[in-house]
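Just below is one structure, and these are the notes that go with it.
The values are calculated or read from the model by the stated rules, or taken from the named source; none is laboratory data. Predicted model, so just to flag it, every value in this text is computed and none were measured. When we count neighbours, we look across all protein chains shown, and the Cβ atoms used for this are built from the backbone with ideal geometry, even at glycine. Note: areas computed on protein heavy atoms with side chains; ligands, DNA, RNA excluded. Shrake-Rupley method; radii C 1.70, N 1.55, O 1.52, S 1.80 Å.
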Amino acid sequence: MAIADKYEALIQTDRIHGSLYTDEKIFDEEMEAIFYRSWVFVGHASELPNAGDYLTRDIGRRSVIMARDQNGGIGVMANRCQHRGNMLCNQQRGNARNFACPYHGWIYDLQGNLLDVPYRQGFKRDFANMGLETLKTEIYRGFVFSTFNPDAVAFADYLGRGFELIDRACDLSPEGEIVLEGGWMRHHFDANWKMMPENDTDGYHVSFTHRSMMQSLESQYDEFAGDEAKMPGEVRDWGNGHTEIDFTSGYRRPLAWLGTTAEKVPEYVRSLEQAYGEEVAKKRLFDGPPHAAIFPNLFLGEMNIVIFQPVSATTSIQWATPMFLKGARELDFRLLRQCEGALGPSSFLLADDASIAERSQKALLSGTPWCDLSRGLEREKHNEDGVMAGHMTDETSNRGFWNHYKRIMTAS
C-alpha cells in the first residue's frame, strides 16, 4: 500500500487507528515528513542573551546547535562534524568563541563555517564546502523555528494563524517580549509524543483526569466542570494543526488566569496600562495567555512554554519552563512557583497527564485498534474569528491536529 493510501485509511473523519501511536515504522515516517521536512520549534532568543551563547536541542532524533554569533544573529546547525560525523557539541548549553570537534579537532565558527583543521598539509579540500549543515531558520517575536528542508513551505504559510497565538502571549509583557530564563524541567513519558499536544488542548478530560486538583484547591479551571449545557470555554482548530482551549469566557475577573488580582500586582497593571493604554490593558488582563499547541512540538501552556520531544513510537520527553514577561519582574516568583505546581515532578497536572498517557499507550495494544474521535462533530462551527470551534468537551481540536497530520503524511 502506498504511504498516502495508508494514512488515508488510518485517519478517518470520526476515528483514528491505534497503530498511529505504536508502530515504529509510522514513527520513522513521521520523523522524515514532520520533523525533518517541515518546520519545528527549536528554542527562544532570550535563551541566548550574549554573543557566543549556544544550546543543543533535538529535532526528532537529530541533534542541533542553536547559537548567537558575534553579530547578534541566531542560527541553527546540525550538531555533526563534517569530517567523520562525530557530535560536535556535547554540552547542553554554554558560551564559546567557536566549536572544536573532540574527535579530530576541526574548528567551526558560530555560524558553522569551517575555520581550521589540524595538520592542514594533509587536507586539500576547500573549507568553504565543509561547513556545518545549516538549517533554514525563522524567528518570530523571539520564537525560533527551523527546518532541515531548504524547500520547505514558506514559514508564514506554516505558522498561519499561529501568529495570533504567539502575539497573545507576548502582548502580556509591557515590552512585548517574553523571557525564558527559569531553566527547563524534563520529564520522560512512556508514551507516544502525539498524546501530548492532543491532551493539552483536550477540554473533555479536565473534570475527570484532574478531579483531585479541582477538589483540593481553587483554580482558574473550576468553571470548566459540571453541567455540559452551562460549561463555558471552547476548543479551537486554528488550522495547520494548531489547536487551543480558550478559557476566556470562563473567567469572572481580570487576572483570574494568574490566580491573583490587580491589587496584588499593581506595578504590572500600571506598566501594562502605560504601554498599551487603559482599554487594551484591561482586555489583556482579563483574557490572559493562550492555552494552545503550535504543530508539531510547541505548547503555549498559559504562562509556561513546553516542548514535545519524540524519542520512539512509545517514548517521549516533555520540556517545560515558566514564561516570564519582560518588564514585569513583579510576577517572576509567582510564575516560577506556578510552573512547578502545574508541570513539576510533584505537580498537580503533569502527574495526572503522564499517568493517563502511559496507561493509554499500554491499553492500545489490547482490544479494538480504533479510537473514536466523533464527539461534537455535528455541532462544531466557525466562530466570529473564522476559527473552527466546538464545545469545551468536543474533540474539535483533536480532529484539527489529525487532519493536518494526515495532510503532511500524505503529501508527495
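Observations on the model:
- The residue that is modelled with the highest pLDDT, counting only those in region 202-213 that are out of contact with any Ser or Thr (no Cβ under 7 Å at 6 or more places or on another chain) and open to solvent by 40 Å² or more (accessible area, probe 1.4 Å), is Phe208.
- Condition check for Gly131: assigned to a loop (DSSP other than H, G, I, E, B), farther than 28 Å from Ile317 by Cα and touching a helix residue (DSSP H, G or I) at 6+ places or on another chain (Cβ under 6 Å): no
- Residue check, Ala293 over 15 Å from Ile178 (Cβ atoms), assigned to a helix (DSSP H, G or I) and either among the acidic types (Asp, Glu) or in contact (Cβ under 8 Å) with a residue 60 or more places away in the chain (or both): no
- Of all residues in region 50-70 being of a type in the set (D, E, K, R) and assigned to a strand (DSSP E or B), the one that is nearest to Asp28 (Cα to Cα): Arg62
- Subset of region 92-124 [of a type in the set (Val, Ile, Thr) and either under 30 Å from the mean Cα position of the chain (by Cα) or part of a loop (DSSP other than H, G, I, E, B) (or both)]: Val117
- Of the set (1) assigned to a helix (DSSP H, G or I); (2) farther than 24 Å from Gly131 by Cβ; (3) open to solvent by less than 10 Å² (accessible area, probe 1.4 Å); (4) in contact with a strand residue (DSSP E or B) (Cβ under 7 Å, 6 or more places away or on another chain), all apply to Ile16 but (1).
Table: residues versus (1) among the β-branched types (Val, Ile, Thr); (2) free of Cβ contacts under 8 Å to residues at least 12 places away in the same chain; (3) in a loop (DSSP other than H, G, I, E, B); (4) on the phi < 0 side of the Ramachandran plot.
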| position | (1), (2), (3), (4) |
| --- | --- |
| Pro232 | no, no, yes, yes |
| Val235 | yes, no, no, yes |
| Thr243 | yes, no, no, yes |
| Pro254 | no, no, yes, yes |
| Trp257 | no, no, no, yes |
| Thr260 | yes, no, yes, yes |
| Val269 | yes, no, no, yes |
| Gln274 | no, no, no, yes |
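- Cβ-Cβ contacts under 8 Å between residues 6 or more apart (or on different chains), taken from a first residue in region 60-75 that is among the hydroxyl-bearing types (Ser, Thr, Tyr) to a second residue that is assigned to a strand (DSSP E or B), are listed as Ser63/Thr56; Ser63/Arg57; Ser63/Ala78.
- Any chance Ile26 is at pLDDT 95 or above, open to solvent by less than 20 Å² (accessible area, probe 1.4 Å) and on the phi < 0 side of the Ramachandran plot: yes
- Restricting region 70-83 to residues that are at pLDDT 95 or above, surrounded by 18 or more Cβ atoms within 10 Å (Cβ to Cβ) and out of contact with any Phe, Trp or Tyr (no Cβ under 6 Å at 6 or more places or on another chain), the residue that is farthest from Glu133 (Cα to Cα): Ile74
- Of the residues making up region 304-338, those that are assigned to a loop (DSSP other than H, G, I, E, B), open to solvent by 10 Å² or more (accessible area, probe 1.4 Å) and touching a helix residue (DSSP H, G or I) at 6+ places or on another chain (Cβ under 7 Å) are Thr314, Gly327.
- The sole residue among Pro150, Pro174 that is closer than 23 Å to Phe247 by Cβ, modelled with pLDDT of 95 or more and in a loop (DSSP other than H, G, I, E, B) is Pro174.
- Residue match in region 184-201 (condition: over 23 Å from Tyr405 (Cα atoms), at pLDDT 95 or above, in contact with a Lys or Arg (Cβ under 9 Å, 6 or more places away or on another chain) and not polar (S, T, N, Q)): no
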